[in-house]
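The values are calculated or read from the model by the stated rules, or taken from the named source; none is laboratory data. Since this is a predicted model, take the numbers as computed values, not measurements. When we count neighbours, we look across all protein chains shown, and the Cβ atoms used for this are built from the backbone with ideal geometry, even at glycine.
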Amino acid sequence: MEERISSSFGCNEKVCIQTDQIYDSCRSKECIECLRVFLTETGQEVVDRAIDVKCRKAEVIWIFPNVEPLTFNRGYYTVDLTYFFRLTLEVYTGVSRPVTVEGLASFNKKVVLFGSEGSAKIFTSKYKEDSFDPQLWQKTNMPKAVVEAGVTNKRIIINFKIKEQIIMKKILTVEGMQCEHCKASVEKALSAVAGVSSAKVDLGKKTATVTLSGEVSDAALTEAVAATGFQVTGITEKKGLFDK
């Protein structure tokens with residue numbers, strides 16, 4: 001996207017702004033009824049004695065999306081979504097004030113959106129001071145799902161988008177690993193870091209490769225490895241499409 005920028009000094013310059021492309025989207029309002037609520041043991045005991053239960057508040061706490069291609073319609077994808085809610089209930093057990101109980105519930109929904117054929121490629125570099133810039137490769141037009149959800153007046157508003165998918169991996173050079181126990185310890189520690197979808201250690205190369213599902217800092221990965229008694233001496237990044 002090309003944009004003309006005007007400064008306060010009277011200079012006009014053209015700049016290029018690269019943004020994620022949104023291929024398709026939809027908006028939906030859901031009326032959810034007969035939703036099963038999972039309570040704690042104590043909360044369940046209170047509800048078992050109730051003469052009336054009212055839902056005071058519903059909050060979306062997590063959405064798990066899964067994108068799969070439609071084999072019979074090229075360029076289109078199914079987006080399977082699992083919503084997780086925190087519900088605040090008012091439980092009336094008699095003439096006294098209601099007891100507040102919290103529980104969890106889930107809800108599934110599927111939509112079909114266009115996500116392109118994924119044929120374009122982009123080659124970029126990332127600036128690194130006093131060294132060669134790391135070279136990055138990514139294939140654009142491969143989709144990922146972005147979901148926006150909110151609850152207003154007990155209505156759940158859902159907005160779906162299909163955007164390009166960028167898979168990132170970081171390769172850590174780790175000193176001190178010598179056995180399968182070391183390998184398992186490092187893999188477990190890295191997999192526990194928020195934003196890491198998988199971790200795999202290569203003892204021969206003295207490396208640990210992590211696949212990321214979100215933004216994860218080098219410091220967070222380094223601290224996770226240090227907690228197992230080993231030292232990270234270097235981290236490199238890769239972007240693009242990889243075998244999972």
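Numbers for the structure displayed
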read-out	value
Strands (runs of 3 or more DSSP E) wholly inside segment 112-193 that include at least 2 residues being within 30 Å of ALA227 (Cβ to Cβ) and modelled with pLDDT of 85 or more	167-175
Considering residues of segment 229-244 that are surrounded by 11 or more Cβ atoms within 10 Å (Cβ to Cβ), in a loop (DSSP other than H, G, I, E, B) and of a type outside the set (Phe, Trp, Tyr) only, the residue modelled with the lowest pLDDT	LEU241
Any hit, segment 81-96, residues being assigned to a strand (DSSP E or B), within 27 Å of the chain's Cα centre (by Cα) and over 24 Å from SER213 (Cβ atoms)	yes
Options GLU33, GLU41, GLU45; residue that is surrounded by fewer than 12 Cβ atoms within 10 Å (Cβ to Cβ), modelled with pLDDT under 85 and in the same structural domain as LYS109 (by TED's automatic domain parsing)	GLU33
